[in-house]
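See below for the structure under consideration.
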There are 2 protein chains.
Amino acid sequence: MTRAELVEQIRLKKSFLCIGLDPDLDKMPNAVMNAEDPIFEFNKAIIDATHDLCVAYKPNTAFYEAKGLSGMQSLVKTIDYLNENYPNHFTIADAKRGDIGNTSRMYAKAFLTEWAFDSITVAPYMGSDSVSPFLTEGPGKWAIVLALTSNHGASDFQKKSTGNQLLFEEVLNTSSSWGTPENMMFVVGATQADALREVRALVPDHFLLVPGVGAQGGSLEEVAENGCNDDVGLLVNSSRGILYASNGADFAEKAREEAKKLALSMAKYC
Amino acid sequence: MTRAELVEQIRLKKSFLCIGLDPDLDKMPNAVMNAEDPIFEFNKAIIDATHDLCVAYKPNTAFYEAKGLSGMQSLVKTIDYLNENYPNHFTIADAKRGDIGNTSRMYAKAFLTEWAFDSITVAPYMGSDSVSPFLTEGPGKWAIVLALTSNHGASDFQKKSTGNQLLFEEVLNTSSSWGTPENMMFVVGATQADALREVRALVPDHFLLVPGVGAQGGSLEEVAENGCNDDVGLLVNSSRGILYASNGADFAEKAREEAKKLALSMAKYC
């Protein structure tokens, strides 16, 4: 999905909500546990109940890999279901990959071509040749580079001073030159809303993927106030707050209610 | 596998060779291409031909994920084959994972418990809570943290000054306090042999996983001279140089010859 198409969807739906599809068997409702593939059934129900309220879905690969091959099968069924039924949604493989050039090329092929995600999250530590292969899989394919993450460990290295700036600023400055606002986004945690103004100063045109609203404690309003650009320029993700709003038979309905609350708060920024 | 067991294997075999199992269908010999699962057949042949010359095997997950679900199945068959037939080999999932705490826990569960690897490579950018979950999967389970990698992009961020030291030194200093030499190793590329002395000064007791000998141009002798400690403390990896020594019917035999050359050069350091 191209940048123009994504912006169009955001304007149309008046939402920049991304829903994280992180299925945790310990938290999933009994209602789906007897299905042949509980993870896929759960995702399908969540997607069907929320698709008109969000513009993106973001499965985190860890939750699927943790279930071994059958989990990976559920991931593939989920992305296939999205691509067949909701082709206007932006899809993100939250995989945080990154390796030497010939290996990153393999990951790019896996996620962006074989599994046909629109985008993949990428760790910047290994530098240019670890990120570049994700930028050459064709138009509408994206690398989403970690800049400033939402977890407390973010301060261990990302906020270290490298002279005139902090490491995450160095990452924004340097890696933004490897791609364009048409094929690269950055991850900035919602718990780091203060830093969003500095991020915007460094990358005014790029989309930002912002996790950490909800269970992790970030504020949607602060994120929107500090992070929006002329094209909105944000995808704000919520996972647990939506997925596990109820673990009863009404789980999809309750997920929809939570998604709706977030989407309504987003409307005025779109 | 515990540190003591690994050191014992190194002394016994007089080798600290790790073989990277990175199966690339474009380079694999015709001899295996008609098998039901060419990747597994290739790995099995390589393992059977080299097991007495090396102490570790390191499949890079990208090469399996690039083949979709069937590739992941080949990976699972490979680790199962190793664990059943060669339980004295140290196994490394070269996956370079790392995410917020609850998500890293999922990856730890996937690779160290579900798939029963001894260890997994981990990216440090997200800090302590992204690495710690890999250190609590029980004795003999390891996190191998990226410090200074072998690719040219390593200089983009890893060699940035953060005041008194470079970022990779900061990573070594800080993250070595999260674990012990019994559950944590570091990746230091063979192409960075000059830096190995500084690395050793910072982490004298930890094992180092050293990729980049062979196709990437690193020198085994330099690595050993600068990187050995009293317990050898090195796992030197070669992938392409061994796997694709020949693409004829003699591929396993030629792979053995290449592995033997490396193992022989290692003997005097063991």
Helix-only CD estimate at 222 nm, as mean residue ellipticity for the protein assembly as shown, using -39500 (n - 2.57) per DSSP H run (n ≥ 4): -11500 deg cm²/dmol
Antiparallel %, DSSP beta bridges [both residues in chain B], to 5: 5
Under the Debye formula (equal points on every Cα, no solvent term), log10 I(q)/I(0) of the stretch B:127-255 at q = 0.13 Å⁻¹: -0.57
Cα-based Rg and Dmax for the stretch B:87-198, where Dmax is the largest Cα-Cα distance (Å): 13.9, 45
Lysine pairs with alpha-carbon atoms under 17 Å apart, the stretch A:40-158, spacing 8 or more or separate chains: 9
Distances in nm from A:Ala249 to the matching label points in the other copies, shortest first (labels 7 Å along Cα to Cβ): 6.6
Per-copy distances of the A:Lys159 label point, shortest first, in nm (7 angstrom along Cα→Cβ): 2.9
Those residues of the stretch A:207-221 whose amide nitrogen sits under 17 Å from the label point placed on A:Asp24, 7 Å along Cα→Cβ: A:211-218
Rel. contact order, % - alpha carbon contacts under 8 angstrom, at least six apart, chain A: 23
Nm distances between copies for B:Ala201, ranked from closest, using label points 7 Å along Cα→Cβ: 3.6
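Computed FRET efficiency, Cβ-Cβ of B:Asn88 and B:Leu264, R0 22 Å: what is it to the nearest 0.05? Numbers along the way, then the final one.
Details: r = 20 Å, r/R0 = 0.93.
It comes out at approximately 0.60.
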Pair B:Asn229, A:Glu182: separation of 7 Å Cα→Cβ label points (nm): 5.0
B:Tyr81-B:Arg197 pseudo-label distance in nm [points 7 Å out on the Cα-to-Cβ vector]: 4.3
log₁₀ of I(q)/I(0) at q = 0.07, 0.09, 0.17 Å⁻¹ - the stretch B:3-269, Debye sum with one point per alpha carbon: -0.22, -0.37, -1.40
Separation of alpha-carbon centers, the stretch B:192-242 and the stretch B:33-93, rounded to whole Å: 23
In Å, descending, principal axis extents of the Cα set of the protein assembly as shown: 70, 54, 40
Cut-off 18 Å (backbone N to label point 7 Å along Cα→Cβ of B:Ser155), residues of the stretch A:145-184: A:171, A:174-175, A:177-178
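Here, each number is a calculation from the coordinates, and none is a lab measurement. Here the structure is a predicted model, which means the values were calculated and not measured. Virtual Cβ from ideal backbone geometry, glycine too; neighbours counted across all protein chains shown.
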